[in-house]
Amino acid sequence: MAAIVAPPRSSKTESYTDNKRKEDVRQANIIAARSVANAVRSSLGPKGMDKMISTSSNEVIITNDGATILNKMQVLQPAAKMLVELSKSQDSAAGDGTTTVVVIAGALLEKCVLLLSHGIHPTIISDSLYKASVKAIDVLTAMAVPVELTDRDSLIKSASTSLNSKVVSQYSSLLAPIAVDSVLSVVDTAHPEMVDLRDVKIVKKLGGTVDDTELVKGLVFDKKVSHAAGGPTRMENAKIAVIQFQISPPKTDIEQSIVVSDYSQMDRILKEERSYILGMIKKIKATGCNVLLIQKSILRDAVTDLSLHYLAKAKILVVKDVERDEIEFITKTLNCLPIANIEHFRAEKLGFADLVEEVSLGDGKIVKISGIKDMGKTTTVLVRGSNLLVLDEADRSLHDALCVVRCLVAKRFLIAGGGAPEIELSRQLGAWAKVLHGMEGYCIRAFAEALEVVPYTLAENAGLNPIAIVTELRNRHAKGEINTGINVRKGQITNILEENVVQPLLVSTSAITLATECVRMILKIDDIVTVR
């Protein structure tokens, strides 16, 4: 019996490639990324839940800021890490909408699974998503309402909308005007689009309630005045020097010990020390300086007891241990120059203020500098809170509100909130998908449906019936009421612009652009190679 010979395979016509692994990797990536999105989904919107994060160092954080939650989560899967990076980039681009962007990305990935299972190629899906996102930006821009920086009310409305979804939402009427005023006071009229939030310093002080938070025209240090040897604690008509050198006896450059065998030598050393320090203080006093801010020193003590004693005698108020990274902010505010060497100590390098005083706050003390002459474009916000959890959350919420106002300064358009823009996008993109031919139409319709996740989640988190609410929203938008959204407070659908629920256009546009970019990137990955 002859052996059966298999016919030789023609390589041109038949070739079998195993696509199973590529599909598996893509599937695993999408599942991992979606599980991250689902983790923060319940914290979207004003009725969203808060998350309690317990870190490895037993620190507890309570927040519902998407970027903070994801930042603290230790995500290992590479594709899921991309969603964490996504919320970080939304935080730096717009400052608010960090939860929204992750939720939208999760919904898009869900739709991509469906499209892939229908056999549509990932590249086609990716290109269609890009086209849809470009079209979405046009639709949003058409819906937006222009706003002027002089219109303070509109700015406050959008800042309070951002604050309403935070833990400290009951204080939004206080924090929103603070955020608006502090950003407007640091806007440079020559370059209004460049607002540097480092010019707004947030000083946190435990004690009191969030109600005691205030905007300070001047400088605040969370430190006490040096009380050694009974120095002054209040100084009017202050001439302030920021020094980066040490008022203490010099040290040798190398580590060495000096052995003193004779008492008279000991005396000489002490005498030298005294005359050295006195010489420095006389030079300082000669310029008329009466307030010293001394930078923290690593190598040796910035001040010794002896120098503090002489400074107190010379009636100079001393604030020591000023952090190195605060120096730039302080010199910009006081309009003075930091002095790095005693030889360069001159009157023209000083800053001037009406009053420097120590104020008791809660159980601690702070130093306040007010009435600064030729003050730079900076401002300080003193945040108070009854415990550290509230204090940190107030700080993060205020940062989001500042970012929202910054967005409005950069791109002066407002847009309705409450899920209204997403439903409108979904409706217009759905209509556009019907006109398109082939696979593109399918993919864009999926994109349109995915955007409904925002109003759906808002309704779900507020305990409303999501299906009924979203259907009703679609009806109202189909009738041409483009600013209709979910009013979570009343639990019904109203005109959201009239309810003052507004957000900057930049928050929505960057959320959609970034979410689409991230999803396209995840779709394009077909293998994970681990390198040892």
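On a C-alpha basis, how far is the centre of the stretch 380-422 from the centre of the stretch 129-195 in Å? Whole number, if you could?
9 Å
Counting only helical runs of four or more DSSP H residues, what would the 222 nm mean residue ellipticity of the chain come to if each run contributes -39,500 (n - 2.57) and the total is spread over all its residues?
So the calculated ellipticity at 222 nm is -15500 deg cm²/dmol.
Starting from the Cα of I258, step 7 Å along the direction of its Cβ; do the same at E328; then give the gap between the two resulting points in nm.
Spacing of the two 7 Å Cα→Cβ label points: 3.8 nm.
How far, in nm, would the chain grow between N465 and I525 when pulled straight, counting 0.36 nm per residue and subtracting the alpha carbon separation?
On the way: separation 60, 0.36 × 60 = 21.60 nm, distance 3.71 nm.
Extra length from N465 to I525 when fully extended: 17.9 nm.
For the chain, which whole percent of the accessible surface, found with a 1.4 angstrom probe, sits on carbon and sulfur atoms? Numbers along the way, then the final one.
Numbers: 13890 of 26450 Å².
For the chain, the apolar C and S fraction of the accessible surface comes to 53 percent.
So, with +1 on the Cβ of K and R and -1 on the Cβ of D and E, and no other charges, what is the size of the charge dipole of the stretch 447-499 about its Cα centre, to the nearest 20 debye? Intermediate values should be presented prior to the final figure.
Details: 5 positive and 7 negative charges, 25 e Å.
With Lys and Arg at +1 and Asp and Glu at -1, about 120 debye.
Once you order the gyration tensor axes a ≥ b ≥ c over the Cα atoms, which shape class does the stretch 386-450 get: rounded for a/c under 1.5, otherwise prolate or oblate by comparing a/b with b/c? Walk me through the numbers before you get to the answer.
On the way: a/c = 4.03, a/b = 2.56, b/c = 1.57.
Cα axes put the stretch 386-450 in the prolate bin.
Evaluate the distance, in nm, between pseudo-label points positioned 7 Å from the Cα of D395 and of A478 along their respective Cα→Cβ axes.
Here the modelled spin labels are 5.0 nm apart.
Can you give the charge dipole size of the chain about its Cα centre, rounded to the nearest 20 debye, using +1 on the beta carbon of Lys and Arg and -1 on the beta carbon of Asp and Glu? Walk me through the numbers on the way to the answer.
Working: 64 positive and 63 negative charges, 70 e Å.
Here the chain has a charge dipole of around 340 debye.
Please list H118, H437 from largest to smallest accessible area, probe radius 1.4 Å, with all protein chains kept in place. Please report the intermediate quantities before stating the final value.
Numbers: H118 130, H437 160 Å².
So the residues, ranked largest to smallest area, are H437, H118.
Taking the alpha-carbon set of the chain, what are its Rg and Dmax in Å?
Cα radius of gyration and Dmax of the chain are 30.7, 120 Å respectively.
What is the calculated FRET efficiency for T233 to D212, with r their C-beta to C-beta distance and R₀ = 25 Å, to the nearest 0.05?
Values: r = 22 Å, r/R0 = 0.88.
Computed FRET efficiency for T233 and D212: 0.70.
Put +1 on the Cβ of every Lys and Arg and -1 on every Asp and Glu Cβ in the chain; which of A142, N500, M439 then has its Cα farthest towards the positive end of the dipole?
M439
Give me the aspartates and glutamates in straight-line cross-link reach of K373: C-alpha distance below 18 Å, same-chain residues under 8 apart excluded.
The qualifying aspartates and glutamates are D199, E236, E328, E348, D354, E357.
For the stretch 35-113, build the charge dipole from Cβ charges (+1 Lys, Arg; -1 Asp, Glu) around the Cα centre, then report which of C112, N58, G45 sits farthest towards its positive end.
Value: C112.
Sorting T333, T252 by accessible area (1.4 Å probe), largest first, what list results? List each step's numbers first, then the result.
On the way: T333 0, T252 65 Å².
Reading off the accessible areas and sorting them downward yields T252, T333.
Suppose each label sits 7 Å from its Cα in the direction of the beta carbon; what would the L436-M49 distance come out to in nanometres?
3.6 nm
So what is the accessible area of the chain per residue, in Å², with the probe set to 1.4 Å? Could the numbers behind the result be given before it?
Values: 26450 Å² over 532 residues.
Using a 1.4 Å probe on heavy atoms only, each residue of the chain averages 50 Å².
So, with +1 on the Cβ of K and R and -1 on the Cβ of D and E, and no other charges, what is the size of the charge dipole of the stretch 126-218 about its Cα centre, to the nearest 20 debye?
Working: 10 positive and 13 negative charges, 68 e Å.
Computed charge dipole of the stretch 126-218: roughly 320 debye.
With respect to the cross-link table entries K204/K313; K349/K377; K22/K135; K205/K315; K283/K332; K157/K332, which display a Cα-Cα separation exceeding 26 Å? Spell out each step's value before the answer.
Details: K204/K313 33 Å; K349/K377 18 Å; K22/K135 31 Å; K205/K315 28 Å; K283/K332 24 Å; K157/K332 31 Å.
In this structure, K204/K313; K22/K135; K205/K315; K157/K332 exceed 26 Å between Cα atoms.
Which residue, chosen from G230, A179, I423, occupies the Cα position most advanced towards the positive end of the dipole of the chain, where the dipole is computed from +1 (Lys, Arg) and -1 (Asp, Glu) charges on Cβ about the Cα centre?
So the residue we want is G230.
By per-residue mean of other Cβ atoms within 10 Å, what is the highest-first order of 101-112, 135-146? Mind showing how you got there, number by number?
On the way: 101-112: 26.0, 135-146: 16.6.
My ranking of the peptides, most packed first, is 101-112, 135-146.
The values are calculated or read from the model by the stated rules, or taken from the named source; none is laboratory data. All of these numbers come straight from a predicted model, not from anything done at the bench. Note that each Cβ is placed from the backbone with ideal geometry, even for glycine, and that neighbours are counted across all protein chains shown. Side chains are part of the model used for accessible areas, which takes the heavy atoms of the whole protein and leaves out ligands, DNA and RNA. Shrake-Rupley method; radii C 1.70, N 1.55, O 1.52, S 1.80 Å.
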